[in-house]
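Below is one structure; the comments refer to it alone.
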Amino acid sequence: ANKDFLSLVEANLGANKANYYLDRNYKLQTIINKDGQISHRLRISYLNGSPSEAFPGGLYKNRMRVYLPFGSKLNRVLWGETDITKSVAGFVDYGRSGYSFLVELFPKEQKTLVLDYSVPIELSFQSGKASYRLDIIKQAGTKQDPLQWTVTYPIGYKIVSSQAKSTNPQEQIISTDLSRDRSFEVELRK
């Protein structure tokens, strides 16, 4: 199987405990094109529930690190309405591609982080079947943050998955959470 993964590590750089007040909601859309190439759009909606600037709450200053399969390409990063792609630093760590950048969220502020990226995985069909696996690694110390995974695939393909809660034509949606690591596996048939 082609293994894909996503791991996010946040570090609160503020001298406070604002991360305890954070709510996150993850939506990952995976697009498989007709050549079997894979791209993703990750949307993380953040809410800083800190009551005020006073300790232990306050500004959430987050050094975000995103780990992806080696050779992945981060195409665009939006923080709210602002394109911050140019402020992203790339690195390689233990054979994975990593990206690092800083975002800030004020008390009671809500913003969405959007990452558009592609991975160097091509589905190879054998006897008309290809399998794809995605592992999402839970961050330490985070809550049971909701996670919705949508996979979109070309016309003429069928998808087989035991985990899907709903399947629309050319789209499958799985709703779960990040209370622990999650693995998704689908089989495409053409």
Return yes or no: is Asn75 more than 30 Å from Gly128 (Cα to Cα), open to solvent by less than 10 Å² (accessible area, probe 1.4 Å) and at pLDDT 95 or above? no
Which residues, taken from region 21-50, are buried (at least 17 other Cβ atoms within 10 Å of the Cβ) and part of a loop (DSSP other than H, G, I, E, B)? Gly36, Ser50
Any chance you could count how many residues in region 52-69 are at pLDDT 95 or above, in contact with a Leu (Cβ under 8 Å, 6 or more places away or on another chain) and not aliphatic (A, V, I, L, M)? 6
Enumeration of residues in region 114-161 that are open to solvent by 40 Å² or more (accessible area, probe 1.4 Å) and either touching a His at 6+ places or on another chain (Cβ under 9 Å) or closer than 16 Å to Ser39 by Cβ (or both): Pro120, Glu122
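The values are calculated or read from the model by the stated rules, or taken from the named source; none is laboratory data. Because the structure is predicted, anything quoted here is derived from the model rather than measured. A quick note on method: Cβ atoms are made from the backbone with ideal geometry, for glycine too, and the neighbour counts reach across all protein chains shown. Just the protein is used for accessible areas: all its heavy atoms, side chains included, with ligands, DNA and RNA removed. Shrake-Rupley method; radii C 1.70, N 1.55, O 1.52, S 1.80 Å.
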